[in-house]
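Nothing in this text is a laboratory measurement; each read-out follows from the coordinates by a stated rule. From a predicted model like this one, the values you see are computed outputs, not experimental measurements. So basically every Cβ, Gly included, is an ideal-geometry build from the backbone, and we count neighbours across all protein chains shown.
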Amino acid sequence: MSIRAPFCASGPLHSNLPSRNNNVVGADNFAIESHKICYSINTEKGKLIPILNDCSLKIPSGQFWMLLGPNGCGKSTLLKILAGLLSPTDGFVHVRKPRSFVFQNPDHQVVMPTVEADVAFGLGGFSLTNEETKFRVAKALTAVGMYDYLQRPVQTLSGGQKQRVAIAGALVQQCKVLLLDELTTFLDQTDQIGVIKAVKKTLSSCEDVSALWVTHRLEEMEYADGAVYMEDGRVVMHGKPSTIMDFIEARKASYTKTINS
Ligand SMILES: Nc1ncnc2c1ncn2[C@@H]1O[C@H](COP(=O)(O)OP(=O)(O)O)[C@@H](O)[C@H]1O
Ligand SMILES: [Mg+2]
């Protein structure tokens, strides 16, 4: 059974609200756009727990954005809604398709024994010739700097290299939006920077591919074109990385002052 394929959703994304005016939401120059997304969970006792409240954001096409916020603020939930893995309770979402969700743990998404076979696995439903498959796999692996590892057994790769293979698995399906959830959590510093640089290079070498990267590592912001900051199920700010960085630093300073007083 395909592990990766279901997460490269290409169909329309549904919400329980009618589409808004296309001049406002879903315009072509944005790869990702959400308007007032809400998401709640129904408990077994029938209680409704709100997870996301009125989350709005816009991510321009071809850019690398980061999504930050404290643990439990709703980053993964929002990313899953953008990926089409969860449906919002309310609000509107537009994400260019195909889109692909890449998981935190590389061992959860690499499925075949060699790098080449693993990336080609994502093309199972595409009815391509062998030559076309080889060409697409080579192009995707080149984009993430892993072409030299074509014949390598996946299990001999580092965590960061496996993440790059997983990203190639999304690119090979000509994915337009990459949704990346805390990819660097389990990586050492070399792998961490290697994966970020691979995403940056991918965006500059593949036409019109955009990425939203969830992270808790502030130092990764230097690679971002823009950033979104969440707290308690809400998008608090989104815009220039330097502005978001200043905001987070100020928040941290105020928190430290409070607990020390
Ligand atoms: N299926 C679920 N059932 C109950 N609570 C959930 C579920 N999924 C997420 N949550 C809660 O929603 C909040 C946001 O979770 P999540 O999106 O994973 O946050 P983050 O990725 O920012 O750490 C957390 O408090 C989490 O416990
Ligand atoms: Mg998370």
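Relative contact order for the chain using alpha-carbon pairs under 8 Å, separation at least 6, rounded to a whole percent? Can you show the working numbers first?
Working: 507 pairs, mean separation 65.8, N = 261.
Relative contact order for the chain comes out at 25 percent.
Counting other beta carbons within 10 Å of each residue's own, what order do SER34, SER127, SER204 fall into, fewest first?
SER127, SER204, SER34
Go through 68-74, 165-171 and give me the packing order, highest mean Cβ count within 10 Å leading. List each step's numbers first, then the result.
Numbers: 68-74: 17.9, 165-171: 28.0.
Ranked from most to least packed, the peptides come out as 165-171, 68-74.
Taking Cα pairs under 8 Å and at least six residues apart, what relative contact order does segment 104-175 come out at, in percent?
48 percent
Ranking MET146, MET237 by Cβ neighbours within 10 Å, fewest first, what do you get?
Ranked by crowding around the Cβ, least crowded first: MET237, MET146.
Under a plain spin-label model, where a point goes 7 Å from the Cα along Cα-to-Cβ, how far apart in nm are ILE193 and GLN104?
2.5 nm
Check segment 55-155 and count each lysine pair with an alpha-carbon distance under 19 angstrom, considering only pairs eight or more places apart or from different chains.
Final tally of qualifying lysine pairs is 4.
Distance in nm between label sites at GLU132 and SER204, each 7 Å beyond Cα in the beta-carbon direction?
That separation, rounded to one decimal, is 3.2 nm.
Can you give me the angle between helix 130-143 and the longest principal axis of the chain, using Cα atoms only, in degrees from 0 to 90, rounded to the nearest 10?
With both axes taken from Cα atoms, the answer is about 50 degrees.
What ranking of SER242, SER254 emerges when the number of other C-beta atoms within 10 Å of each C-beta is taken as an exposure proxy, fewest first?
Numbers: SER242 12, SER254 9.
Ranking SER242, SER254 by Cβ neighbours within 10 Å, fewest first, gives SER254, SER242.
Simple spin-label model, 7 Å along Cα-to-Cβ: ASN42 to SER242 in nm?
For the pair ASN42/SER242, the computed spacing is 4.9 nm.
Using 0.36 nm per residue of separation minus the Cα-Cα distance, give me the extension gain between ASP54 and THR258 in nm, one decimal.
70.6 nm
GLU231 to ALA117: extension gain in nm, 0.36 nm per residue of separation minus the Cα-Cα distance?
Contour length minus the Cα-Cα distance gives 37.0 nm.
Less than 15 Å Cβ to Cβ from THR185, Lys/Arg counted +1 and Asp/Glu -1: what total charge do the surrounding residues give?
Cβ neighbours under 15 Å give a net charge of -4.
Helix-only mean residue ellipticity at 222 nm, the chain, DSSP H runs n ≥ 4 weighted -39,500 (n - 2.57), per residue, nearest 500. What is it? If you can, show how the numbers build up before the last one.
Values: 6 runs with 80 residues, N = 261.
The helix-only estimate for the chain comes to -10000 deg cm²/dmol at 222 nm.
Cross-link candidates for LYS47: which aspartates and glutamates have Cα within less than 20 Å, leaving aside residues fewer than 8 places away along the same chain?
Output for LYS47: ASP90, ASP232.
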